[in-house]
Amino acid sequence: MTAILQLGAIEWVFFAYFIVIYFVYGMLNVFAVFRIRRYLEINEFTASENVFSSLDIPVSVIIPAYNEEASIVTSVRAMLQVEYPDYEVIVVNDGSTDETLQKLVSEFMLQPFPEAYRKRVPCAAVRKIYQSARFSNLRVIDKENGGSKADAMNAGINVCRFPLFCAVDADSILQSDSLRRAVRPFLEDPDTIATGGTVRIANGCTVRGGFLESVALPTNFLALVQVVEYLRAFLYGRMGWAELNAVLIISGAFGVFDKEAVVEVGGYHTTAIGEDMELTLRLHRHFSESGRDYNISFVPDPICWTDAPEDLATLEKQRIRWQHGLGQSLSMHKDLFFNWRSGPVGWLAMPFFLIFELFGPLVELAGYVYMLVAAFNGWISWDVAGIFFGLAIGLGMLLSTGALVLEEMSFHVYPRVKDLLKLFLVAVLENFGYRQLTLIWRIKGLIGWLRGKVPEWGDMKRSASLTSE
């Protein structure tokens, strides 16, 4: 204790950084616990009373696809088997250069359909619209490549017929009751303009005929670590911010939006790297500046399963893009910072993301390096360095294991004791090497954003879970 009190200003900066960030995470965890408990209680009542059985709002599911020949048929089959009374599936083939369109035409008996096209939000030219002869609620839009997922989403918005649209990645599988659960916030609160759902890792799961047949953990270590990351990010990260109506990201893998609200703000930004976060921030900004009541909600159920990278090269590109997109989105909507109308979004969430998520990797990595150099040169004692590393790594483990405990207490997706023990082990091991590696990737993304360099994406290598039937 005496040694800590004798620390200099630099050492205290690093200690304060970790104390503040984990305090905020801890508070978000508390908010998430109460919100999940309340959600489960309401869910039990509405399920038993069948409260919303005749009130479901029609939904258009939009699936943007670029070179997704390996998984597109499985994904579309899964969407067509969702349990919902009135919905349509719109696949947007964004100028694919592989067999994506041909596989869709063959599998679903697509035929050209002469449909009036109203361009309400900007996108690249639409070549042709197809209607399935097998499924009356399936259409495929073939368009020129617009250079971004956002452009493909805008094309889907232009042709969707229903008041709500659901954005789903082409490598995602929805559970059968996903839409019903995701739409419920719109029925409970008429001011709801968007809602996100929890995303889980599909690697290792068994998918047959478009159905998620069984849930299992991946055998690939990188995918296994991402299971823990996603639990931590969704279960108490976004759940906690949702309690304050300060969710900054509705994941592109699964989110439901009020179509007119999105059209009102101009659709997806076609040059944004993180188009999902940018749209969410733009909705916050537009509705707060206009003084209108609104709610951006989050549903905690495990309702969307997505493919995760299983090799370092693909994972690195993904994290670089995420960090670049974070910086770009915060910069594009900097007017929200400390705006008297922005509420918790501009006064809490955005400053936190700026300091601890965008520039945090620099501070954390600098802290590791400085403490080691200082200890080797005798500027601080090894006891102090040990306390610092214990604090940084120990609190990281605590947050990850806390997310696992919250998962086990609420949704119990991984019922086998062996799986839980494996996840707890990964929650410990990720702090030794993997976490530091992701810090470097995030710093590369930050530097790329500061330099104005647009990151490459490359082809996403799919796991066997979605590429085989």
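The values are calculated or read from the model by the stated rules, or taken from the named source; none is laboratory data. Everything numeric here is computed off the predicted structure, so don't read it as measured data. Cβ: placed from backbone, ideal geometry, glycine included. Neighbour counts: every protein chain shown.
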Looking at the stretch 79-88 only, could you name the residues that are surrounded by fewer than 24 Cβ atoms within 10 Å (Cβ to Cβ) and either hydrophobic (A, V, I, L, M, F, W, C) or not assigned by TED's automatic domain parsing to the domain that holds residue 135 (or both)?
80, 82
Can you pull out the residues in the stretch 81-107 that are of a type outside the set (Asp, Glu) and in a strand (DSSP E or B)?
87, 89, 90, 91, 92, 93
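Taking residue 316 as the residue in question, decide whether it is farther than 16 Å from residue 279 by Cα, surrounded by 15 or more Cβ atoms within 10 Å (Cβ to Cβ) and free of Cβ contacts under 8 Å to residues at least 60 places away in the same chain. Can you show your working first?
Working: farther than 16 Å from residue 279 by Cα: yes; surrounded by 15 or more Cβ atoms within 10 Å (Cβ to Cβ): yes; free of Cβ contacts under 8 Å to residues at least 60 places away in the same chain: no.
No; evaluated as a whole, the condition is false for this residue.
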Which one of these is closer than 24 Å to residue 443 by Cβ and in the same structural domain as residue 439 (by TED's automatic domain parsing): 375, 403?
375
Candidates 223, 246, 182 - the one that is modelled with pLDDT of 90 or more, on the phi < 0 side of the Ramachandran plot, surrounded by 24 or more Cβ atoms within 10 Å (Cβ to Cβ) and aliphatic (A, V, I, L, M):
182
When residues of the stretch 377-393 are filtered for being over 18 Å from residue 365 (Cβ atoms), assigned to a helix (DSSP H, G or I) and without any contact (Cβ under 8 Å) to a residue 12 or more places away in the chain, how many remain?
2
For residue 32, state whether it is within 29 Å of the chain's Cα centre (by Cα), assigned by TED's automatic domain parsing to the domain that holds residue 391 and either over 22 Å from residue 412 (Cα atoms) or modelled with pLDDT of 85 or more (or both).
no
If residue 338 satisfies every condition in (1) assigned to a helix (DSSP H, G or I); (2) touching a Pro at 6+ places or on another chain (Cβ under 9 Å) but one, which is the exception?
(1)
For the stretch 220-265, which positions are hydroxyl-bearing (Ser, Thr, Tyr) and closer than 22 Å to residue 75 by Cα?
230, 251
Scope the stretch 130-148; condition buried (at least 20 other Cβ atoms within 10 Å of the Cβ) and either within 15 Å of residue 106 (Cα to Cα) or touching a Gly at 6+ places or on another chain (Cβ under 7 Å) (or both); matching residues
130, 132, 138, 139, 140, 141, 142, 143
Which one of these does residue 309 not meet: (1) assigned to a loop (DSSP other than H, G, I, E, B); (2) farther than 23 Å from residue 321 by Cα; (3) under 16 Å from the mean Cα position of the chain (by Cα)?
(2)
Just give me the residues in the stretch 394-412 being over 18 Å from residue 24 (Cα atoms) and either in a helix (DSSP H, G or I) or in contact (Cβ under 8 Å) with a residue 24 or more places away in the chain (or both), in sequence order.
404, 405, 407, 408, 409, 410, 411
Can you confirm whether residue 60 is in contact with a Phe, Trp or Tyr (Cβ under 6 Å, 6 or more places away or on another chain) and assigned to a loop (DSSP other than H, G, I, E, B)?
no
Failed condition for residue 362, given (1) of a type in the set (A, V, I, L, M); (2) surrounded by 15 or more Cβ atoms within 10 Å (Cβ to Cβ); (3) part of a helix (DSSP H, G or I)
(2)
Consider only pairs whose beta carbons are under 9 Å apart and that are at least six residues apart or on different chains; among these, list those whose first residue lies in the stretch 87-116 and is without any contact (Cβ under 8 Å) to a residue 24 or more places away in the chain and within 12 Å of residue 130 (Cβ to Cβ) and whose second residue is outside any strand (DSSP E or B) and small (Gly, Ala, Ser).
111/133
